[in-house]
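Values in this text are rule-based calculations from the coordinates and carry no lab data. Everything numeric here is computed off the predicted structure, so don't read it as measured data. Every residue, glycine as well, gets a Cβ built from its backbone with ideal geometry; the counts of neighbours run over all protein chains shown.
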């Protein structure tokens, strides 16, 4: 990587955000330092959101420029804004502190910006340890999207600095869903979001329990409701249909078992519960078949993913309910963490 000097205009600013990431942050920053030559000078900025561990010290020792933010209401959007506004690069690569950058991604992807309409480039994020738990194994498939123009990107992506300036960055009032919301404002200006078919980052989900799984899906539901409400009347409404479908989906998933229990008592038979179980299993299998392109040759993982696709609708619905309650009471929820 070319060092920064007065003779070099900075080509790329890498903005890493984190909060109590520990050794994961060290691993992330080392992966940035050892990436293959991108063709110009690189600066590394770490934005810390009030960590209680040694994250700040570790980042400083590695050589990153450190920005500490201690807002009353922390959010990923606020951290990313603090980072890119302090940066000087022509392009900004955003990373989460629990990721590892693929050595070739930046060098292979900057050329995509030769198209002046491309504002954001992102690649494949995959779990580092899918074998660590069933949650990691299943949620690894959540990161897989088909390549080509897309509606939005995730937290890891390269963006044009000039476009970030045009849209004034992320909306810091969002505690989740800030990247998709930003992408819709970018698309409104006539730019495109490009998903490329190459590895970008490894992610350390480190999810081993049901409580973390619930909170992650709950946060997604909160983001669905918030972003859908903000964008519903714009040229690129996002998640409006998904948010509405989630209500129906969750009610069916909650109502079917209850109906089976009542019918079982009414008829004095197990058959209603058996029928409900078969129906729910059929839904999971149907989903697994539809997304088989995500994990060809791995039917068990696909079946588990099919179950997850429906099961998550319940905490997602509760997240939507929480957003509605907060809006009604004019309350601002703090960051929803699942780790």
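Taking just the C-alpha trace of segment 111-257, give me its Rg and Dmax in Å.
Looking at segment 111-257, its Cα Rg and Dmax stand at 16.7, 54 Å.
Between residue 300 and residue 339, with labels modelled 7 Å along Cα→Cβ, what's the label distance in nm to one decimal, could you check?
So the label points at residue 300 and residue 339 sit 2.8 nm apart.
DSSP beta bridges in the chain, what fraction antiparallel, as a percent rounded to 5? Could you put the intermediate results ahead of the total?
On the way: 12 of 40 bridges.
If we restrict to bridges inside the chain, about 30 percent are antiparallel.
If you bin the C-alpha pair distances of segment 89-168 every 10 Å from 0, what whole percents do you get?
Pair shares across the bins are 15, 47, 28, 10, 1.
Please give the helix 299-311 orientation as an angle from the longest Cα principal axis of the chain, in degrees from 0 to 90, rounded to the nearest 10.
The helix 299-311 is inclined about 80 degrees to the chain.
Mind ranking 60-68, 86-94 by how tightly packed they are, going by the mean number of other C-beta atoms within 10 angstrom, highest first? Display every interim value, and only then the final one.
Values: 60-68: 15.6, 86-94: 21.4.
My ranking of the peptides, most packed first, is 86-94, 60-68.
With r as the distance between the Cβ atoms of residue 60 and residue 240 and R0 = 35 Å, compute the FRET efficiency 1/(1 + (r/R0)^6) and round to 0.05.
Numbers: r = 44 Å, r/R0 = 1.25.
Calculated value: 0.20.
Where the eigenvalues come from the Cα gyration tensor of the chain, what are the semi-axes √(5λ) of the equivalent ellipsoid, largest first, in whole Å?
Working: eigenvalues 291, 91, 80 Å².
Taking √(5λ) for each Cα gyration eigenvalue gives 38, 21, 20 Å.
Which of 287, 188, 162, 201 comes first, and how do the rest follow, when ranked by fewest Cβ neighbours within 10 Å? It would help to have the intermediate numbers written out before the result.
Details: 287 18, 188 13, 162 10, 201 25.
Ordered by Cβ neighbours within 10 Å, fewest first: 162, 188, 287, 201.
How large is the Kirkwood hydrodynamic radius of segment 10-208, in angstrom, based on all distinct alpha carbon pairs?
Working: mean 1/r = 0.0594 Å⁻¹.
Kirkwood radius, segment 10-208: 16.8 Å.
Normalising by the residue count of the chain, find the relative contact order in percent from Cα pairs under 8 Å and 6+ residues apart. Working shown, then result.
Details: 623 pairs, mean separation 57.4, N = 339.
After rounding, I find 17 percent.
Give the calculated FRET efficiency between residue 285 and residue 166 to the nearest 0.05, with a Förster radius of 51 Å applied to their Cβ-Cβ distance. Kindly include the intermediate steps, with their values, before the conclusion.
Working: r = 46 Å, r/R0 = 0.90.
Computed FRET efficiency for residue 285 and residue 166: 0.65.
Can you say what percent of the DSSP beta bridges in segment 10-208, counting only those with both residues inside, are antiparallel? Round to 5. Let's see the in-between values first.
Numbers: 12 of 39 bridges.
Just about 30 percent of them are antiparallel.
Sort 275-284, 115-124 for me by packing, meaning the mean count of neighbouring Cβ atoms within 10 Å per residue, highest on top.
For the peptides 275-284, 115-124, the packing ranking is 115-124, 275-284.
Can you compute the radius of gyration and Dmax for segment 165-231, using only the Cα atoms, both in Å?
In Å, with Rg to one decimal and Dmax whole: 14.8, 42.
Grab the Cα-Cα distance for residue 107 and residue 263, subtract it from 0.36 nm times how many residues apart they are, and report the gain in nm with one decimal. Provide the component values of the computation, followed by the final result.
On the way: separation 156, 0.36 × 156 = 56.16 nm, distance 6.12 nm.
Fully extending the segment from residue 107 to residue 263 adds 50.0 nm.
Sort 26-39, 220-233 by the packing proxy (mean of other Cβ within 10 Å over each peptide's residues), most packed first. Please list the in-between numbers first.
Numbers: 26-39: 17.2, 220-233: 20.9.
The densest-packed peptide leads the list: 220-233, 26-39.
For the chain, take the longest principal axis of its alpha carbons; what is the angle in degrees between that and the long axis of helix 210-231, to the nearest 10 within 0 to 90?
That helix lies at roughly 70 degrees to the long axis.
Under a GNM of the chain (C-alpha, springs under 10 Å), which listed residue has the highest mean-square fluctuation: 20, 298, 54?
Residue with maximal mean-square fluctuation among 20, 298, 54: 298.
Could you line up 49, 269 from fewest to most neighbouring Cβ atoms inside 10 Å?
On the way: 49 22, 269 11.
Fewest to most other Cβ atoms nearby, the residues stand as 269, 49.
Ranked by Cβ crowding within 10 angstrom, fewest neighbours first, how are 198, 187, 52 ordered? Walk me through the intermediate numbers first.
Values: 198 14, 187 20, 52 7.
So the ranking, lowest neighbour count to highest, is 52, 198, 187.
Relative to the longest principal Cα axis of the chain, at what angle does helix 313-328 sit, 0 to 90 degrees, rounded to 10?
Rounded to the nearest ten degrees, it is 70.
For residue 88 paired with residue 73, estimate the spin-label separation in nm (one decimal), with each label point 7 Å from Cα along the Cα-to-Cβ line.
Result for the modelled spin labels: 3.4 nm.
Quote the convex hull volume per residue of segment 181-339, based on C-alpha atoms, as a whole number of Å³. Mind showing how you got there, number by number?
Details: hull volume 27.7 nm³, N = 159.
It comes to 174 Å³ per residue, whole-number rounded.
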